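J.: This is the structure I have questions about; it appears just below.
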Amino acid sequence: MKPLLIFLALTVLLTSCVRKEKTEPEFYTEHGASFSALRHGDWTKNTWIRKPANLKMIHESFKKLGYNKLENLISKSDNAFLIEGVYIKRNFKAVMDSLELTYNKPDLQSKYYTEFWKRRKVEKNDAMVYVILKEFNALQADKIQPISENEFVNDTLVHLLAIEFDNENLNSEKAKKDFDVLKTYGFHQSAYNLLFERFEYSELELDRERLKQELTKAKEFKHPWLSDNQK
């Protein structure tokens, strides 16, 4: 009986040790920008992005960064493409070209394009969508230079996208600058993730524990712009 009692006592002791060592997860404040809902929400139900002024801002900000740097946002095959969970069984370039071609030309519209432009007209953003499609297609065909109208550019969005997508020459110095940008804009959970939860930064030399002390803690978790990509 004694060996059993000893085993039970050891189990209790070991379990107690585990409980004492267990730490609560750390949460940090995260600024909610006007466009943040696009990051984790359902694009098909988002009303913010349907406003012409917001579409213009997104487009001009994408141009400022460079649409070519955002190619990974869209997964394409010959006959289908996927963007933010929305799957469309059509060739991406063909859809973009046809949408531009069929705007305000009902005689050229198939059911797909008729319904698309009907929805845009109901939302009262059809003219802006057409302008964006025309410029995007010209950019893809190298017919125009990607010059942004700076008064419509959202610098916060451009910096956030650059941190995530424009990191071919990433080094410790740039990583520190990226951290400072996130901290300055109030994206502290994102800054924490940069230090500890992003594989592209994981091998870089950073004083992580010291930098972490510069962040503001929060009581509850809020979805960050820069998510954990190591799990």
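Let's see how each residue does on (1) within 27 Å of E151 (Cα to Cα); (2) without any contact (Cβ under 8 Å) to a residue 12 or more places away in the chain:
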| site | (1), (2) |
| --- | --- |
| F35 | yes, no |
| N46 | yes, yes |
| R50 | yes, no |
| M57 | yes, no |
| S61 | yes, no |
| K69 | yes, no |
| N79 | no, no |
| A94 | no, yes |
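J.: From (1) in a loop (DSSP other than H, G, I, E, B); (2) open to solvent by 100 Å² or more (accessible area, probe 1.4 Å); (3) among the acidic types (D, E), pick out the condition that doesn't hold for D228.
T.: (2)
J.: Where residues in the stretch 11-54 are crowded, with 16+ Cβ neighbours inside 10 Å and farther than 29 Å from A191 by Cβ, which of them is modelled with the lowest pLDDT?
T.: The qualifying residue modelled with the lowest pLDDT is R50.
J.: Given the options F165, F199, name the one that is among the aromatic types (F, W, Y) and open to solvent by 80 Å² or more (accessible area, probe 1.4 Å).
T.: Values: F165 fails: open to solvent by 80 Å² or more (accessible area, probe 1.4 Å).
Only one candidate qualifies: F199.
J.: Further question on the same structure: Which condition number does G85 fail, the rest of (1) within 19 Å of S36 (Cβ to Cβ); (2) surrounded by 12 or more Cβ atoms within 10 Å (Cβ to Cβ); (3) within 15 Å of the chain's Cα centre (by Cα) being met?
T.: Checking G85 against (1) within 19 Å of S36 (Cβ to Cβ); (2) surrounded by 12 or more Cβ atoms within 10 Å (Cβ to Cβ); (3) within 15 Å of the chain's Cα centre (by Cα), the one that fails is (2).
J.: Residue under question is K183, and the condition is that it be under 19 Å from the mean Cα position of the chain (by Cα) and either of a type in the set (S, T, Y) or in a helix (DSSP H, G or I) (or both); does it hold? Break it down stepwise before answering.
T.: Values: under 19 Å from the mean Cα position of the chain (by Cα): yes; either of a type in the set (S, T, Y) or in a helix (DSSP H, G or I) (or both): yes.
It is true that K183 is under 19 Å from the mean Cα position of the chain (by Cα) and either of a type in the set (S, T, Y) or in a helix (DSSP H, G or I) (or both).
J.: Which residue, of E164, E209, is part of a helix (DSSP H, G or I), at pLDDT below 95 and not polar (S, T, N, Q)? Working first, answer last.
T.: On the way: E209 fails: at pLDDT below 95.
Among E164, E209, only E164 is part of a helix (DSSP H, G or I), at pLDDT below 95 and not polar (S, T, N, Q).
J.: Being open to solvent by 50 Å² or more (accessible area, probe 1.4 Å), more than 28 Å from I163 (Cα to Cα) and of a type in the set (F, W, Y) is true for just one of Y103, Y112. Which residue is that?
T.: Details: Y103 fails: open to solvent by 50 Å² or more (accessible area, probe 1.4 Å).
From the options Y103, Y112, the qualifying one is Y112.
J.: Sticking with this one: How many of the residues in the stretch 124-157 are of a type in the set (S, T, N, Q), surrounded by 15 or more Cβ atoms within 10 Å (Cβ to Cβ) and closer than 23 Å to A33 by Cβ? Walk me through it before giving the result.
T.: Filtering the stretch 124-157 down to residues of a type in the set (S, T, N, Q) leaves 125, 137, 140, 145, 148, 150, 154, 156.
Keeping just the survivors that are surrounded by 15 or more Cβ atoms within 10 Å (Cβ to Cβ) gives 125, 137, 148, 154, 156.
Narrowing further to those that are closer than 23 Å to A33 by Cβ: 125, 148, 154, 156.
Total satisfying the criteria: 4.
J.: Something else about it: So E214 passes all but one of these: (1) outside any helix (DSSP H, G or I); (2) open to solvent by 50 Å² or more (accessible area, probe 1.4 Å); (3) closer than 30 Å to A94 by Cα. Which condition number does it fail?
T.: Here E214 meets the rest and fails (3).
J.: Right, something else. Give all pairs with beta carbons closer than 7 Å in which a residue from the stretch 121-134 that is of a type in the set (D, E, K, R) meets a residue that is open to solvent by less than 60 Å² (accessible area, probe 1.4 Å); count only pairs at least 6 apart in sequence or on separate chains.
T.: If the second residue must be open to solvent by less than 60 Å² (accessible area, probe 1.4 Å), the pairs left are D126/W117; D126/R120; K134/E100.
Listed here are the residues, each with its yes/no results for (1) among the β-branched types (V, I, T); (2) assigned to a helix (DSSP H, G or I).
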position	(1), (2)
H59	no, yes
D78	no, no
L82	no, no
T114	yes, yes
K121	no, yes
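J.: Checking G66 against (1) open to solvent by less than 70 Å² (accessible area, probe 1.4 Å); (2) on the phi < 0 side of the Ramachandran plot: exactly one of these is not met. Which one?
T.: So the condition that G66 fails would be (2).
J.: Let me ask something additional. Filter the stretch 172-196 down to residues that are hydrophobic (A, V, I, L, M, F, W, C) and open to solvent by less than 10 Å² (accessible area, probe 1.4 Å) and give me whichever is nearest to V158 (Cα to Cα).
T.: Initially, the stretch 172-196 is screened for residues hydrophobic (A, V, I, L, M, F, W, C), giving 175, 179, 181-182, 187, 191, 194-196.
Checking which are open to solvent by less than 10 Å² (accessible area, probe 1.4 Å) leaves us with 175, 179, 182, 187, 191, 194-195.
Details: A175: 16, F179: 15, L182: 12, F187: 14, A191: 16, L194: 17, L195: 21 Å.
Among those residues, the one meeting the criterion is L182.
The values are calculated or read from the model by the stated rules, or taken from the named source; none is laboratory data. Just so it is clear, the model here is predicted, and its values are computed rather than measured. A quick note on method: Cβ atoms are made from the backbone with ideal geometry, for glycine too, and the neighbour counts reach across all protein chains shown. Ligands, DNA and RNA are excluded from the accessible area calculation, which covers all protein heavy atoms including side chains. Shrake-Rupley method; radii C 1.70, N 1.55, O 1.52, S 1.80 Å.
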